[in-house]
Structures are given as C-alpha cells and as structure tokens.
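Working notes, structure below.
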Amino acid sequence: MSKPVRGKTIKIICACGCGRKKMVKITDIKRGWGKYFSKSCKAIDQEKRTGQFATYKNRNQKTVNGIPIDDNYLGITDQEHEEIMTDSERGWDSHKIW
Ligand SMILES: [Zn+2]
C-alpha cells in the first residue's frame with residue numbers, strides 16, 4: 001500500500017452519481033476541476049442535466065464546492081472545509097438569494 005496523501009488532497013465521490021471515489025487536490029476543486037471519476041462520468045453527468053435526473057438524492061451530503069465528499073474520509077478538516085467554502089463565496093455573490 002502506498003501511504004495516504006496528506007494535506008491538500010481530499011477524497012471526492014464522483015459527481016455523476018456512480019459512487020466511485022477519487023483523490024483530488026483541493027486546489028483543483030477550487031478551480032472547478034476534479035468533480036468526476038473519469039471523462040465518461042462527466043459525459044454521463046452532462047446527460048443528466050438535460051433533465052433526465054433532475055433530482056439529486058444526496059442533498060444532505062457534505063459537499064465542497066458542490067462536490068460530494070466521502071463522509072467517512074477524514075482527510076479534510078472542518079476548518080479546511082470552511083476555508084474552501086469561504087474562498088468559493090467570493091465568486092458566488094451574484095448567486096446569493098438570502
Ligand atoms: Zn462517475
């Protein structure tokens with residue numbers, strides 16, 4: 001077994017809903033990358049956006065920048081999570097509804 005990557009890498013659950021997990025750099029997530037396990041997953045997710053699967057079942061799941069995070073994985077601390085959310089809010093002002 002290779003030793004686990006520490007620090008600024010977290011395990012994401014593929015955004016397409018296939019349930020596969022992957023290690024992604026937090027810096028990549030901030031750029032909007034690393035949402036999918038593979039390119040085919042991205043294609044699947046884009047198909048869903050046409051309306052076929054408009055409702056996501058994991059609404060209450062912990063996310064970073066909208067990307068579902070494996071709850072059982074402790075590679076990211078609450079503080080890091082806060083940092084990411086705070087950082088991402090800068091560009092989201094126009095989307096705020098509260
Ligand atoms: Zn997938």
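Scan the stretch 12-44 for residues that are closer than 14 Å to Gly66 by Cα, more than 14 Å from the ligand (Cβ to nearest atom) and either in contact with a Gly (Cβ under 8 Å, 6 or more places away or on another chain) or among the hydroxyl-bearing types (Ser, Thr, Tyr) (or both) and the total you get is 1.
Whether a residue is modelled with pLDDT under 70, away from the ligand (no atom under 16 Å from the Cβ), among the acidic types (Asp, Glu) and not in a helix (DSSP H, G or I) was assessed, and Asp71 passes this test.
The values are calculated or read from the model by the stated rules, or taken from the named source; none is laboratory data. These numbers were taken from a predicted model, which means no experiment stands behind them. All Cβ positions, glycine included, derive from the backbone under ideal geometry; neighbour counts span all protein chains shown.
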